[in-house]
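Colleague: Let me begin by handing over the structure; questions about it come next.
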Amino acid sequence: MTDELVTIEVDGRELKAKPGTMLIDVTDAAGINIPRFCYHKKLSVSANCRMCLVEVEKVPKPLPACCTPVNEGMKVSTRSPMALGAQKGTMEFLLINHPLDCPICDQGGECELQDVAVGYGSDVSRYSEAKRVVPQRDIGPLIATDFTRCIHCTRCVRFGAEIAGVRELGATGRGEHMTIGTFVEKSVDSEMSGNVIDLCPVGSLTAKPSRYKARAWELTQHDSVAPHDSVGSNIHVHTRNNRVVRVHPKENESINEIWLSDRDRFSYEGLNSEDRLTQPMVRKNGEWQEVEWQEALEFAVKGLQSAAGSDGDQLATLVSANSTLEELYLAQKLTRGMDSGNIDHRLRQSDFRLDGNDSPVPGLGITIQGIESLDAALLVGSNVRKEQPIIAHRLRKAAKSGAKVSFINPLWIDLHFEADQFVSTPAVMVDNLASIAKAASAKLTGNLAKLVKAAEVSETAKSVAEQLKSANNGVIMLGNQAAAHPDYSLLVVLASAIAEATNTSLSYIPALSNSVGAALAGALPHRGPAASLVEKCGANAQMMQSKPRKAYLLMGAEPGFDFWDPSLINSALDQAECVVALTAYHSESLASCADVMLPIAGFAETSGTLVNAEGTWQSFNGLVKPQGDARPAWKVLRVLGNLLDIDGFDQNSSDDVLEELKSHAAETAIDNSVSTKTAGELNSSTEGLYRIGDVPMYASDALVRRASSLQRTNSAEPAAVRLSANQAKSSDVEEEETLVVVQDGNRAQLPLIIDPRVPDGAVWISSALPGTEKLGGQFGVVTLEKA
Amino acid sequence: MKILNNPLQARNKEEIFSEEIRQDIDCWIAKYPPEWKQSAVMAALRIMQDDNGGWLTTELMDDVAEYLDMSPIHVYEVATFYSMYELKPVGKHKICICTNIACMINDSDSIVKHLKKKLEIGFGEVTEDGRFSLKEVECLGACGGAPMFQIGRKYYENLTPQVVDSILDGLE
Amino acid sequence: MANEVCFRTLEYLKQPWELEEYKSRGGYEVLTHILKNKVGPSEVVETMKASGLRGRGGAGFPTGLKWSFISRNAPGQKYVVCNSDEGEPGTFKDRDILRYNPHQLIEGMVIAGYAIGATVGYNYIRGEFWEEYERFEAALEQARAAGFLGDNLLGSGFDFQLHSHLGGGAYVCGEETALLESIEGKKGQPRFKPPFPAHFGLYGRPTIINNTESLSSVPVILKEGGEWFKELGVENSGGSKLFSISGNINNPGVFEVPLGTPFSELFELVGGMKDGRKLKAVIPGGCSSPVIPGEQMMDLTMDYDAIQKAGSMLGSGAIVIIDDQQCMVKMLDRMSYFYHEESCGQCTPCREGTGWLWRVVNRIENGKGRQEDLDLLESVCGKIAGRTVCALGDAAAMPVRGMLKYFQEEFQYHIDHKRCMVGAGPTKGLG
């Protein structure tokens, strides 16, 4: 390829471009507007709408700018009589069968067809025949359809094939009868499906949850950051009358490009849930009462002081890593100010044996965009597609351009790209990784050296090791299922040693929107702000639960749904003298164990900062007023600090908090180094039926759990016991039977589903779903009984 | 450590179609590059349509998609694009009558009229006994024998109402 | 001087589709000669260029030139594809080649493969041609058994596999890139060009795609020489050509005559008008070519330039001869319905415009025409032609313009009198 540029002339302007570039890309870059419908910079060229026809000198017919490559000396006119005639001609054709229902169309006011029609359309239609009508189709709770409005640009179809990696929408039929849709009534289930709403240039595909809620011109647009996965997708939040009406992606090429996962797009519905806690509440004589802030705060402070005032170790602070950097920083400051080291955000981890030798600031270690240029990746314990849709999208791009991707997982996962999957029970996952370590001649000591020595090296292990070794740009990524694994420490050290031996990088895919921020803020028992090791190590999340404390401070976490072992946290909270919960929701799960519930602002209601998987700090403003009497959590923490008489709680704004943290941690980067070559004994076992408890995509946090449309999708499946057909046979149980699951003496009644994704010897029971909140850890031995 | 067959790729191919059908489809698959199994989709749809009395159900199209590792919507697109695939039941004998120009100026109208009257059905309909259905089609490339129609796979040319009667009477 | 090329064996043989009979009239001799003597591929291409053979499917692009766009030595797979998706209304010549002379097509395709370095070929046969497909399949079997297809043909080291692919009923698949899409297992929607198939063809590989008649002409051209073929015809229209002749005539059929033959001679060949009626008009090159009044046609010769000069196209050589009892409005109604029905739906002007054209013509035909409709038709044609992905849009516009040019009075009569000028009764639609 030559780097030499050619010179072309467009409407008298001289432009330079790489030869072969499509004309529309050149004019777009120069700010010359050519109308278009089918062309989209992120999709393949289809050249079907014929709206971008322009005149090219010496060519007798108008040419589509989207598929006309530029060459030296080309003279283009985008508004000559020939070009305009062609554009207007196309416009007339597009309008003859388009309904005149703009007044009742949700796209009205932000419709590409409407906009272009103003410039290129005619006042009166010369078409006097009957217009085309397409029957209504229901494609699920997220996307409203009206295919009568469709102009057949096929952007949505191309999105499915090229970006989402799953063809759900298609164009069936021929000619004028061609219709976009699912053909048979079927829902669209991709985790990225909502993007077709943005791509659709007309009102054929619109957002169902926000349909008829507001006109585009009534909305105010704000910039913000999505609050679920660790990508931190940039978003536009659209508000009206102090309510969030909808969320759209905001373009950021290095993070989410122009895409948004459905979770990030539709979770805002949870903000307006009836569950919102709008008034502080205290439990008096066993009864919950709404009280004023002052009383609630005093109640909380009194409770904390009496339970842990004299012995700081009696205070345990457990915080969600979806909290903002400012909130997490103040939470650890308050905890440490009360002379306690007991703070943790790792609520879904059970193996903390590596603490002290662990990676100081675990994160991707590469950029999100950089994932695309990987040539090999081994993912351990990750259902990346559901957990981190944008990261999966980038991985898919890498895989499509030849990267070798493999997974070591406890469940088969549905992927949208080519990858090898090594699926086994949790204990065998460790063996599988050891096998690759051996094939890669990874250097380990102690226990792990023994484990690796004993491992059998299979051909597949060799080939994975070989792929990593021969990669110029390879990673080993640890996902949610690795972090929740009972032998997380072994997995980390093995992965780290393999990375070293194969000259690839160790990478973590943090689970939540501010997991990285939590490490920077010091929301860890062994590391303070900027991840510096503390002198006096506090109790980790597991210890805080297994050895109950007298006082608990919870922030943004619901005991039944956000913890590795809900029965353990519930029992710890039940035994406590004082449980103070900062929460946006009045949940059953909290009401049963807390003593004070302080209403805090939810997503979009508070200012703050999130640090994403690659370590980018992204700050945002509060966009709507918190509901009811709720207050931003940073303010609540500051006042608590004041009332507890702790120094350093004088911040006037979240910016002040941020500046304070920055003075410690502004320069602290992702650091995935692991300072040991060995780890403890294997916790997981191959004895008995072993539970695998993932966190389903739409159960990952309190907000999304209350997003009603997402909860109606096919992806939001109710809790169940899932077994392979083999395993069901040997356990002597049958499909659709209701079973009693017994785990650590806790019991739950759930239906059985035969699911080929589960390996023999394991049982898949998702956590974070109603029906599982009384069960034990995400991983562990369970028995099944007939109901 | 071993690679298991991905259970999400559901059924074994053997479970999808009978051996006879598979052999037939596999002959077509073999004509194309291994990574282009989907090239056999038109043949597979035709084979399944013939096997199912002349029309395709959604389930059959889904089976074809699974057999050829295609997405179902891709198969629906193909099945709805080409006019020879039928998505509704047809008669045992599908009469496809050309009414395009060469036939038209040789009075295909009279043949159409005759057929409609004789069979008591219109275009797109099936006789009550299920023996015949009538379909108007575009030029079948036998204009020298206009007017003409195709029944099943066979062309019949130089039609007159009398010729039509003897053809239909001669069918099973 | 008839039946020199595609039909050259037919009159001598009882079953000309059988391998042995084909061989008895010199069949496969050219291929054998080329393979045995390792004739240079470029020599083959040069001969094709010299022959002046223009694509017989309708577009008339020089075949030899098309072949020369492919670099024989470029690495990777290349393909030869034959377009037997004969669907242009009025055309039925390729069907006769498939039925009566399949081996000559096979021989031509193997030679084409040899010339461009392709080892695989596909013959795309329209789905309705089941009997022709079976005949062609039988010929393929015979050719394989005789070593004319397969690996290491006649010990030359050259491999060539040939398969048939059956269509499913879509006129647009006769467009070469739609046809390639169709082989790839997709809807037959034409691709935008560039890139052309010679660079990005079947499965993204360099591909030549030629009409059945063009490829069947290859063995004879190489046997007799490019000059010989060229001399059969006239300037700019080399060779002889198959004409499918149908309509209101006594002896319809396919006739092979040299290009440049006067239409009047062909008219005699088909025995003139049926039932003593008068010649009114002729569609000279298939439904898509503009109609020409009969009188004018009697003075024309059948070659590319002459027909073009008369404002129409030689197209696929499908001549529809129309008598004075036919209503041109009704004819155009049927033709416009055809394009509306066969538009693939991909690009806006064709998807929306063909339906519009048909509805307006249909309205006129049914006595509901308005005065402004004639201008409207012309205007809509102008907005389709030249603005679509493939030529189907042009093909839909041309017959409308042709009919309005020569037979506007019939349309005007329909509008004014709400009935037909031809025949007495009120006008009828198709129903």
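The values are calculated or read from the model by the stated rules, or taken from the named source; none is laboratory data. Just so it is clear, the structure is predicted and the values come from calculations on it, not from any experiment. Cβ sites come from the backbone with ideal geometry, for glycine too, and all protein chains shown count toward neighbours.
Colleague: With the requirement that a residue be closer than 20 Å to residue C:311 by Cβ, away from every other protein chain (no Cβ under 11 Å) and of a type in the set (S, T, N, Q), what does segment C:354-410 give you?
Modeller: C:408
Colleague: Quick one: how many residues across segment B:48-107 are within 20 Å of residue B:134 (Cβ to Cβ), in the same structural domain as residue B:37 (by TED's automatic domain parsing), in contact with a helix residue (DSSP H, G or I) (Cβ under 6 Å, 6 or more places away or on another chain) and in a helix (DSSP H, G or I)?
Modeller: 0
Colleague: Anything in segment C:56-75 that is without any contact (Cβ under 8 Å) to a residue 40 or more places away in the chain and assigned to a loop (DSSP other than H, G, I, E, B)? List them, or say none.
Modeller: Answer for segment C:56-75, where residues must be without any contact (Cβ under 8 Å) to a residue 40 or more places away in the chain and assigned to a loop (DSSP other than H, G, I, E, B): C:61, C:75.
Colleague: I'd like to know if segment B:137-149 contains one or more residues that are crowded, with 20+ Cβ neighbours inside 10 Å, closer than 22 Å to residue C:337 by Cβ and in contact with a His (Cβ under 9 Å, 6 or more places away or on another chain).
Modeller: no
Residue-by-condition table, conditions (1) within 19 Å of the chain's Cα centre (by Cα); (2) at the interface with another protein chain (Cβ under 8 Å from one of its Cβ atoms); (3) assigned to a strand (DSSP E or B); (4) crowded, with 24+ Cβ neighbours inside 10 Å:
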| position | (1), (2), (3), (4) |
| --- | --- |
| C:289 | yes, no, no, yes |
| C:305 | yes, no, no, no |
| C:314 | yes, no, no, yes |
| C:335 | yes, yes, no, yes |
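This table checks each residue for (1) among the basic types (Lys, Arg); (2) more than 29 Å from residue A:330 (Cβ to Cβ); (3) not in a loop (DSSP other than H, G, I, E, B).
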{"site": "A:482", "(1), (2), (3)": "no, yes, yes"}
{"site": "A:486", "(1), (2), (3)": "no, yes, no"}
{"site": "A:491", "(1), (2), (3)": "no, yes, yes"}
{"site": "A:495", "(1), (2), (3)": "no, yes, yes"}
{"site": "A:511", "(1), (2), (3)": "no, no, no"}
{"site": "A:516", "(1), (2), (3)": "no, no, yes"}
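Colleague: Let me ask something additional. Regarding segment B:114-136, can at least one residue be identified that is in contact (Cβ under 8 Å) with a residue 12 or more places away in the chain, within 9 Å of another protein chain (Cβ to nearest Cβ) and aliphatic (A, V, I, L, M)?
Modeller: Looking through segment B:114-136, none of the residues is in contact (Cβ under 8 Å) with a residue 12 or more places away in the chain, within 9 Å of another protein chain (Cβ to nearest Cβ) and aliphatic (A, V, I, L, M).
Colleague: Test of understanding: among A:41, A:75, which residue is among the basic types (Lys, Arg) and either at pLDDT below 95 or more than 30 Å from residue A:397 (Cα to Cα) (or both)?
Modeller: It is A:75.
Colleague: Residues that are surrounded by 18 or more Cβ atoms within 10 Å (Cβ to Cβ) and among the small types (Gly, Ala, Ser), at least 1 per element: which strands (runs of 3 or more DSSP E) completely within segment A:269-324 meet that?
Modeller: Here the list reads A:315-319.
Colleague: May I pose another question? Where in segment A:364-446 are the strands (runs of 3 or more DSSP E), entirely inside, with at least 1 residues that are in contact with a Phe, Trp or Tyr (Cβ under 7 Å, 6 or more places away or on another chain) and within 14 Å of chain B (Cβ to nearest Cβ)?
Modeller: The strands (runs of 3 or more DSSP E) meeting that bar are A:404-409, A:420-423.
Colleague: Any residue at all in segment A:138-146 that is surrounded by fewer than 21 Cβ atoms within 10 Å (Cβ to Cβ), outside any loop (DSSP other than H, G, I, E, B) and not β-branched (Val, Ile, Thr)?
Modeller: Looking for residues that are surrounded by fewer than 21 Cβ atoms within 10 Å (Cβ to Cβ), outside any loop (DSSP other than H, G, I, E, B) and not β-branched (Val, Ile, Thr), one finds none in segment A:138-146, hence no.
Colleague: Looking at segment A:204-223, is at least one residue within 14 Å of chain C (Cβ to nearest Cβ) and closer than 25 Å to residue A:109 by Cβ?
Modeller: no
Colleague: State the number of residues belonging to segment C:237-264 that are among the small types (Gly, Ala, Ser), farther than 19 Å from residue B:144 by Cα and assigned to a strand (DSSP E or B).
Modeller: 2
Colleague: Please work out if residue A:47 is over 23 Å from residue C:375 (Cα atoms), within 13 Å of chain C (Cβ to nearest Cβ) and part of a loop (DSSP other than H, G, I, E, B).
Modeller: yes
Colleague: Under 30 Å from residue B:81 (Cβ atoms) and at pLDDT 95 or above: which single residue out of A:234, A:256, A:195, A:252 fits that description?
Modeller: One residue alone meets the criteria, A:195.
Colleague: Quick one: which residue in B:108, B:133 is touching a His at 6+ places or on another chain (Cβ under 9 Å) and crowded, with 21+ Cβ neighbours inside 10 Å?
Modeller: Of the residues listed, the single one that is touching a His at 6+ places or on another chain (Cβ under 9 Å) and crowded, with 21+ Cβ neighbours inside 10 Å is B:133.
Colleague: On to the next question. Name the strands (runs of 3 or more DSSP E) wholly inside segment A:170-229 in which the number of residues that are on the phi > 0 side of the Ramachandran plot is 1 or more.
Modeller: Counting at least 1 such residues, we get A:179-181.
Colleague: Something else now. Across segment C:240-269, what is the total count of residues that are touching a helix residue (DSSP H, G or I) at 6+ places or on another chain (Cβ under 8 Å) and closer than 20 Å to residue C:88 by Cβ?
Modeller: 17
Colleague: Can you tell me which residue is farthest from residue A:631 (Cα to Cα) among those in segment A:274-318 that are of a type in the set (Ser, Thr, Tyr) and modelled with pLDDT of 95 or more?
Modeller: Checked segment A:274-318; the qualifying residue farthest from residue A:631 (Cα to Cα) is A:306.
Colleague: Quick one: what pairs do we get from segment A:267-278, first residue in contact (Cβ under 8 Å) with a residue 24 or more places away in the chain and closer than 18 Å to residue A:581 by Cβ, second buried (at least 24 other Cβ atoms within 10 Å of the Cβ) and hydroxyl-bearing (Ser, Thr, Tyr), C-beta under 6 Å, 6+ apart or different chains?
Modeller: A:275/A:585; A:277/A:583; A:277/A:585
Colleague: Filter segment A:80-133 for residues that are farther than 16 Å from residue A:38 by Cβ, away from chain C (no Cβ under 14 Å) and of a type in the set (D, E, K, R) and give the result.
Modeller: Within segment A:80-133, A:101, A:106, A:110, A:123 qualify.
Colleague: Just one of (1) free of Cβ contacts under 8 Å to residues at least 40 places away in the same chain; (2) buried (at least 24 other Cβ atoms within 10 Å of the Cβ); (3) closer than 18 Å to residue A:627 by Cβ trips up residue A:227, so point out which.
Modeller: Failed condition: (1).
Colleague: Considering only segment C:323-333, state which residues are surrounded by 24 or more Cβ atoms within 10 Å (Cβ to Cβ) and either among the polar types (S, T, N, Q) or touching a strand residue (DSSP E or B) at 6+ places or on another chain (Cβ under 8 Å) (or both).
Modeller: Of everything in segment C:323-333, those that are surrounded by 24 or more Cβ atoms within 10 Å (Cβ to Cβ) and either among the polar types (S, T, N, Q) or touching a strand residue (DSSP E or B) at 6+ places or on another chain (Cβ under 8 Å) (or both) turn out to be C:328, C:331.
Colleague: Here is a follow-up. Which numbered condition in (1) modelled with pLDDT of 95 or more; (2) over 30 Å from residue A:160 (Cα atoms); (3) at the interface with another protein chain (Cβ under 8 Å from one of its Cβ atoms) is the only one that residue B:74 fails?
Modeller: Failed condition: (2).
Colleague: Sort out which residues of segment C:140-184 are touching a residue at least 40 places away in the same chain (Cβ under 8 Å), within 14 Å of chain B (Cβ to nearest Cβ) and in a helix (DSSP H, G or I), and write them in order of number.
Modeller: Residues satisfying the conditions are C:171, C:172, C:173, C:174, C:178, C:179, C:180, C:182, C:183.
Colleague: Right, residue B:154: surrounded by fewer than 17 Cβ atoms within 10 Å (Cβ to Cβ), within 15 Å of the chain's Cα centre (by Cα) and facing chain C (nearest Cβ under 8 Å) or not?
Modeller: So residue B:154 fits the description; yes.
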